[in-house]
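Working notes, structure below.
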Amino acid sequence: MRALIEAAAEPPAFTVAAVLSDQAAAPGLGVARDLGVTAQALPPQPDEDRAAYDRRLAAAIGEFSPSLVVLAGFMRILSAHFIAAFEGRILNIHPALLPKYPGLHTHRRALEARDAEHGATVHFVTAQLDAGPPVIQARVAVSPNDDEAALAARVQAQEHLIYPLAVHWFCEGRLRYRDGNAWLDGAVLERPVKYPVIR
């Protein structure tokens, strides 16, 4: 989140309208406020089911009329209703080289599988968990000495580079979601862009 807010000032600039969290104690809320961004907690209410919460969340986000919803550390699975409300305008970053390792514990799973490389993927969000069309991936080598924390730190450093890049592309009008695919510069992305981007 901090990387995205700081990248917003880089040309071509975009505006982070607000930061919302389902956790009242989320440290990111204070960070966002310190960086001059409106931030609010929207915790689930007792006995509130996922659909009801997502309707409330969608309404709160809708008040800011965002061009794009960017998920960063938001660990709730979003309902089909929420995704439909912002179809084609939700990006997520996942700490794995999708389609490998959707869901949780990605670093542990990569280590247990003795993968030679691991990484992160920015993708559009669809109703199927971590299965939306990928946009860009960054890869890191897995060292024999890696534990989860060391591998996670190297992957996160790459996340801070590729996520703002994908957001810039969207805000420039270069990146779009159409017909179930990610499109970049008017062409379907048959595979995610590899980072670093070589021009």
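The values are calculated or read from the model by the stated rules, or taken from the named source; none is laboratory data. This one's a predicted model, so the numbers in the text were calculated from it and none came from an experiment. Here Cβ is always computed from backbone atoms with ideal geometry, including for glycine, and neighbour counts include all displayed protein chains.
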Item checked: Where Phe14 falls short, out of the listed (1) in contact (Cβ under 8 Å) with a residue 60 or more places away in the chain; (2) surrounded by fewer than 14 Cβ atoms within 10 Å (Cβ to Cβ) -> (2)
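Quick check: anything in region 76-94 basic (Lys, Arg) and touching a Leu at 6+ places or on another chain (Cβ under 8 Å)? Can you show your working first?
Step one: of region 76-94, the residues basic (Lys, Arg) are 76, 89.
With the extra rule that they be touching a Leu at 6+ places or on another chain (Cβ under 8 Å), the set shrinks to 89.
Checked against the condition, which is being basic (Lys, Arg) and touching a Leu at 6+ places or on another chain (Cβ under 8 Å), region 76-94 yields at least one hit.
Quick check on region 52-63. Is at least one of its residues in contact with a Ser or Thr (Cβ under 8 Å, 6 or more places away or on another chain) and hydrophobic (A, V, I, L, M, F, W, C)? Quick ask: steps written out before the conclusion?
Of region 52-63, the ones in contact with a Ser or Thr (Cβ under 8 Å, 6 or more places away or on another chain) are 54.
So of that shortlist, the ones also hydrophobic (A, V, I, L, M, F, W, C) come out as none.
No.
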Notebook entry, point to check: Which of (1) closer than 24 Å to Gln156 by Cα; (2) at pLDDT 95 or above; (3) in contact with an Asp or Glu (Cβ under 9 Å, 6 or more places away or on another chain); (4) of a type outside the set (Ser, Thr, Tyr) is the odd one out, the single condition Leu68 does not satisfy?
Noted result: (3)
Next item on the list: Could you check, for region 101-110, whether at least one of its residues is out of contact with any Asp or Glu (no Cβ under 9 Å at 6 or more places or on another chain) and either free of Cβ contacts under 8 Å to residues at least 24 places away in the same chain or farther than 26 Å from Pro11 by Cβ (or both)?
Entry: yes
Next item on the list: Would you mind telling me which numbered condition in (1) surrounded by 14 or more Cβ atoms within 10 Å (Cβ to Cβ); (2) free of Cβ contacts under 8 Å to residues at least 12 places away in the same chain; (3) aliphatic (A, V, I, L, M) Ala127 fails?
Entry: (2)
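Considering only residues that are touching a Pro at 6+ places or on another chain (Cβ under 8 Å) and assigned to a strand (DSSP E or B), look in region 171-192 and name the one that is nearest to Gly119 (Cα to Cα). Explain how you work it out, then say what you get.
So in region 171-192, the residues touching a Pro at 6+ places or on another chain (Cβ under 8 Å) come out as 171-172, 177, 180-182, 189, 191-192.
Imposing the further condition that a residue be assigned to a strand (DSSP E or B) reduces the set to 177, 181-182.
On the way: Tyr177: 23, Asn181: 21, Ala182: 19 Å.
Going through the qualifying residues, I end up with Ala182.
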Item checked: Per-region count, region 75-87, residues buried (at least 18 other Cβ atoms within 10 Å of the Cβ) and not hydroxyl-bearing (Ser, Thr, Tyr) -> 4
Notebook entry, point to check: Which is over 17 Å from Thr126 (Cβ atoms) and out of contact with any strand residue (DSSP E or B) (no Cβ under 8 Å at 6 or more places or on another chain), of His81, His105?
Noted result: His105
Next item on the list: Answer with yes or no whether Ala41 is surrounded by 13 or more Cβ atoms within 10 Å (Cβ to Cβ), in contact with a Gly (Cβ under 8 Å, 6 or more places away or on another chain) and farther than 30 Å from Asp147 by Cβ.
Entry: no
Checklist line | Residue that is farthest from Ala153 (Cα to Cα), among those in region 79-97 that are within 13 Å of the chain's Cα centre (by Cα) and among the aliphatic types (A, V, I, L, M) | finding: Ile90
